[in-house]
Amino acid sequence: MNLHRLVMLPNGSVHEQHWAEIPAADHPDVRQFASLFTGLRCDATVRVPQGELRVVWSGSSGGAIGSFHLDGALFLCVVLATGRDAVEDRLYLSTVGRQWSDSNVVRGLLEGPSSPFLTLHEVTDRPLLVALLVPALAPEVWAALNGVELAVVGAHVAAIGARK
């Protein structure tokens, strides 16, 4: 399955945007994260070559929010809108967009008069994964971890399938 992946910077600009494949349930990274889920939630730390990766994830069949930390430093926040329910998609995207817009990481850095985070719900592609990239990692470390959230989405999707 593919999803629209949108990675934004705290100043509101788009860092990456493309359709990405969600790894299958049998992918080793997905299996690793899936084993850490309790229902549709995960708060676990795994060792990766770059350090200690903590994943905090909370979701429903309609979406999820998550954060990723390396050695204690927050570097990525995400929101997933699955497209199963338009009302739930809007709730996830507008609530998280408002939180990001009001956050200390974003405040004062936005380019332009309005916050693009407040209009995330207007992106119509589903499923949609929006990420806020916090500039906490060296570029080569981010390059190595870029896309880790897709494996967690795969674990989330597998958990939804297991609940049916």
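The values are calculated or read from the model by the stated rules, or taken from the named source; none is laboratory data. Worth saying up front: this structure is predicted, and the values here are computed from it rather than measured. Here Cβ is always computed from backbone atoms with ideal geometry, including for glycine, and neighbour counts include all displayed protein chains. Just the protein is used for accessible areas: all its heavy atoms, side chains included, with ligands, DNA and RNA removed. Shrake-Rupley method; radii C 1.70, N 1.55, O 1.52, S 1.80 Å.
Worth pointing out:
- Test for residue 25: is it open to solvent by less than 20 Å² (accessible area, probe 1.4 Å) and not aromatic (Phe, Trp, Tyr): no
- The set of residues from region 40-67 being more than 10 Å from the chain's Cα centre (by Cα), closer than 30 Å to residue 87 by Cβ and open to solvent by 60 Å² or more (accessible area, probe 1.4 Å) comprises 41, 43.
- Picking from residues in region 4-30 that are in a loop (DSSP other than H, G, I, E, B) and within 14 Å of the chain's Cα centre (by Cα), the one that is nearest to residue 117 (Cα to Cα) is 9.
- In the set 80, 76, 93, only one residue is in contact with a strand residue (DSSP E or B) (Cβ under 8 Å, 6 or more places away or on another chain), over 20 Å from residue 148 (Cα atoms) and open to solvent by less than 10 Å² (accessible area, probe 1.4 Å); that residue is 93.
- Failed criterion for residue 150 (all others in (1) in a loop (DSSP other than H, G, I, E, B); (2) hydrophobic (A, V, I, L, M, F, W, C); (3) open to solvent by less than 50 Å² (accessible area, probe 1.4 Å) hold): (1)
- Residue check, residue 88 under 14 Å from the mean Cα position of the chain (by Cα) and among the acidic types (Asp, Glu): no
- Look at (1) over 16 Å from the mean Cα position of the chain (by Cα); (2) farther than 23 Å from residue 159 by Cβ; (3) open to solvent by 70 Å² or more (accessible area, probe 1.4 Å); (4) not hydrophobic (A, V, I, L, M, F, W, C) and you find that residue 119 fails only one, number (3).
- Hey, residue 62 in contact with an Asp or Glu (Cβ under 6 Å, 6 or more places away or on another chain) and under 23 Å from residue 159 (Cβ atoms) or not: yes
- All positions within region 125-145 that are buried (at least 17 other Cβ atoms within 10 Å of the Cβ), over 10 Å from the mean Cα position of the chain (by Cα) and closer than 21 Å to residue 19 by Cβ: 127, 142, 145
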